[in-house]
Amino acid sequence: MKHLMIVGDYFEDVECIATLDILVRGNDEVKLVSMMKRKEVITKCGYKILVDDIIENVNISEFDSLIIPGGPGSFKILAYIPLVDQLIDIFAKNNKLVAAICAAPMLVGRRGYYQNKSYTVYPGFEGFIVGGEYKKDQGVIVQDNFISAKSMYYSIPFGLAIHQYFHGKESAKLLEKTCQGE
């Protein structure tokens, strides 16, 4: 599988890196792409990271999923970039996986994609989501071609849920055991 992970400045470090790590350990390809028109991005913790590419250079049709880490960058930057909405629409309307964690499910939900579905999001962002059933006590929710996760704490289960979506439950269990050192 080939995953497109998009970030703007001030994305949540753990949500990005842990998810990427899980998927790469599961033998998937992840392309980490900046929405900032530059390859160097700044994490929430202030680290400068060089990503794989900028979105303008990416062939979106090559990817099986869109992954959006949360953090302040998701609601202070990505929420105001029209191309983010376009990417969500392209993946969702083509029944490709759209996975978002922390505040980022707000980007998906405000477009109405959680209508008649359960979802989770970082507390306080549920008010931006159109329709759907907010499950504040759940860490990760898989509904059709959407995965939402509540917070940074759920980064590893989020990554495992993405892996399971494509490779099945048994593969995800084996990957989890590998990550635990078993």
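The values are calculated or read from the model by the stated rules, or taken from the named source; none is laboratory data. Please read all numbers here as calculations on a predicted model, not as lab measurements. Cβ: placed from backbone, ideal geometry, glycine included. Neighbour counts: every protein chain shown. SASA here: full protein model, heavy atoms, side chains in, ligands and nucleic acids out. Shrake-Rupley method; radii C 1.70, N 1.55, O 1.52, S 1.80 Å.
With every protein chain in place and a 1.4 angstrom probe, the accessible-area ranking of 128, 146, 166, largest first, reads 128, 166, 146.
Here the accessible area is traced with a 1.4 Å probe on the protein chains. For the range 1-86, carbon and sulfur cover 52 percent of it.
For the range 76-90, the Karplus equation 6.51 cos²θ - 1.76 cosθ + 1.60, evaluated at θ = phi - 60°, returns couplings of 9, 10, 4, 4, 10, 9, x, 4, 4, 4, 5, 4, 4, 4, 4 Hz by residue, with Gly and Pro reported as x.
Stretched out straight at 0.36 nm per residue, the stretch from residue 38 to residue 96 would grow longer than its current Cα-Cα span by 18.2 nm. Charging the Cβ of each Asp and Glu at -1 and of each Lys and Arg at +1, and nothing else, the dipole of the chain about its Cα centre rounds to 280 debye. Surface calculation, 1.4 Å probe, protein heavy atoms: residue 165 sits at approximately 90 Å² accessible. With the charge dipole of the chain set up from +1 on Lys and Arg Cβ and -1 on Asp and Glu Cβ about the Cα centre, the Cα lying farthest toward the positive end among the listed residues 138, 41, 58 is that of 138.
For the chain, what is the percent of antiparallel DSSP beta bridges, rounded to the nearest 5?
Just about 25 percent of them are antiparallel.
In angstrom, the C-alpha Rg and Dmax of the range 60-101 are 10.4, 28.
For residue 101, the residues whose modelled amide H falls within less than 5 Å of its own, excluding neighbours fewer than 5 places apart on the same chain, are 68, 70, 149. With the simple spin-label model, which puts each label point 7 Å out from Cα in the Cβ direction, the residue 171 to residue 138 separation comes to 2.3 nm. Annotation: residue 110 carries an accessible surface of approximately 70 Å², with a 1.4 Å probe and no ligand, DNA or RNA atoms counted. For residue 86 and residue 64, the difference between the fully extended length at 0.36 nm per residue and the C-alpha to C-alpha distance is 6.3 nm. In units of the compact-protein estimate 2.2 N^0.38 Å, the range 1-135 shows a Cα radius of gyration of 0.98. Cross-link pairs exceeding 19 Å in C-alpha to C-alpha distance, out of 2/117; 76/117; 76/96; 117/177; 31/96; 2/96, comprise 2/117; 76/117; 76/96; 117/177.
Charged side chains reduced to their Cβ positions (Lys and Arg at +1, Asp and Glu at -1) give the range 123-182 a dipole of some 80 debye around its Cα centre.
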